[in-house]
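Here's the structure, in structure tokens; my notes come after.
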Amino acid sequence: MSVEVHHVTKTFGSYVALQDVSVSVATGELVALLGPSGSGKTTLLRIIAGMEVPDPPSVAVSVSGGGAGGDAQARSDASRKDDGKILFFGEDVATWTVSQRQVGFVFQHYALFKHMSVYENIAFGLRVRPRQLRPSKTEIDQRVRRLLQLIQLEGLGDRFPMQLSGGQRQRVALARALAIEPKILLLDEPFGALDAKVRQKLREWLRQLHETMNTTTILVTHDQEEALEVSDRVVVMNQAKIEQIGTPEEVFHHPASEFVIDFLGSVNVFSGRHLEGDFSGRDLHGEPRDDSKMYVRPHELSISRHAEDERSLPARIQRIHRAGAHAKVFLQTALDQNVRVDIPITQCHALSLADGEQVYITPLNAHVFSTDFNI
Ligand code: ADP
Ligand code: MG
């Protein structure tokens, strides 16, 4: 493992920014920390970098109180010896300074030195090294040229940050972080300030770069598409805690909580009773009711002109968005529930669906998260 975070809690005064957070990142892995603003992503990244100190474990237990604290107490003393620690390649880094940790760090807002050329910006981290650790002039020059090639900005070394586009600047920021050849690369919303098209390109480029450099990368983002596309694993965070850790496929198709399914894309919520962890037609029709909810993603519903089975629900088409590979069909059920169904555009054309039409929708899959439901 490159990075291990063991039961870390961080409080600012009485505010809990991270609560009993544990995660391990394998060498060469690209992990995304995904969550809404304020969920603790930056705090976790800063703790890994050494810019912030985690709470001592004793405080952590008293803060987490009943639930998580109880769990912590239930664990054996042996398994608690690393609580509150960050390990790099198995070593406790508590006493290591930011520079001793030798991580590459890139922030959302380009922190390039305005008065330095692109070349000088990239060379900076090497030039400021103590004399005995500093590579020779020729070596620095070779490394900077290699990096310029890697970020596809050869020939632009003499430019100043002002003379670059936003995307180019962020690539320089990455090259600068990579110049010190960090084993661990930490990226905090590095593409956050750029427009969608540039972000998409940089995302693909980052994935290639990560593979070429063979680094271990932790990427903070609030953009679920970015996290799902670029990473090997996603850590979904919410309100200072980790909701789920898994591959993009796992977190998308097997979300562990209501928060995860809701955060990772559009979802229709049907209330009603569920039976034996599954669902039936009665559920969607809303009777008999209880307070469990069923979550069905837009692509997990089909549309037909006739009822397919007892689960099919009549619904009226409100409007159709056809601009895309999938048509987004917005409907309203007899119970006034708004539903979105995504179907391939070819199917939409084949069915020649029109606004105002009555059709049937049938769930192909449903997710139920009920904590208090006993079968
Ligand atoms: P994210 O990066 O997921 O948006 P942060 O880790 O930046 O979230 O912040 C988590 C919470 O901790 C926020 O509510 C923020 O206001 C709070 N916080 C972060 N840093 C500090 C600090 N130095 N002092 C007080 N509160 C902080
Ligand atoms: Mg942040």
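Side notes on the structure shown:
- When the residues of region 51-61 are filtered to those that are surrounded by fewer than 23 Cβ atoms within 10 Å (Cβ to Cβ) and assigned to a loop (DSSP other than H, G, I, E, B), the one that is farthest from ligand 1 (Cβ to nearest atom) is P56.
- Scan of region 308-337 for residues that are under 20 Å from N268 (Cα atoms) and without any contact (Cβ under 8 Å) to a residue 12 or more places away in the chain, ordered by number: H321, D336
- Residue match in region 15-23 (condition: away from ligand 2 (no atom under 11 Å from the Cβ) and without any contact (Cβ under 8 Å) to a residue 12 or more places away in the chain): yes
- Residues of region 332-349 satisfying the condition of being more than 18 Å from S312 (Cβ to Cβ) and among the hydroxyl-bearing types (S, T, Y): T346
- Residues in region 358-375 that are among the hydroxyl-bearing types (S, T, Y) and modelled with pLDDT under 85 were compared, and the one that is least open to solvent (accessible area, probe 1.4 Å) is S370.
- Across region 10-50, the qualifying residues are those that are among the polar types (S, T, N, Q) and more than 12 Å from ligand 1 (Cβ to nearest atom), and the one among them that is surrounded by the most Cβ atoms within 10 Å (Cβ to Cβ) is S24.
- The requirement of being in the same structural domain as E226 (by TED's automatic domain parsing), more than 16 Å from ligand 1 (Cβ to nearest atom) and over 23 Å from T27 (Cβ atoms) is fulfilled somewhere in region 186-194, by at least one residue.
- Close pairs (6 angstrom Cβ cut-off, 6 or more residues apart or separate chains): under 14 Å from E120 (Cβ atoms) in region 137-153, open to solvent by 10 Å² or more (accessible area, probe 1.4 Å) and assigned to a helix (DSSP H, G or I) anywhere: V144/Y119
- Note on region 172-197: residues that are in a loop (DSSP other than H, G, I, E, B), closer than 14 Å to L33 by Cβ and open to solvent by less than 10 Å² (accessible area, probe 1.4 Å) amount to 1.
- Filter result (touching a Leu at 6+ places or on another chain (Cβ under 8 Å) and either modelled with pLDDT under 95 or on the phi > 0 side of the Ramachandran plot (or both)) within region 227-251: A240
The values are calculated or read from the model by the stated rules, or taken from the named source; none is laboratory data. Every value quoted in this text rests on a predicted model; they were computed, and no experiment measured them. Please note: Cβ atoms are built from the backbone with ideal geometry, for glycine as well, and neighbour counts cover all protein chains shown. The area values use the complete protein model at the heavy-atom level, side chains included, leaving out ligands, DNA and RNA. Shrake-Rupley method; radii C 1.70, N 1.55, O 1.52, S 1.80 Å.
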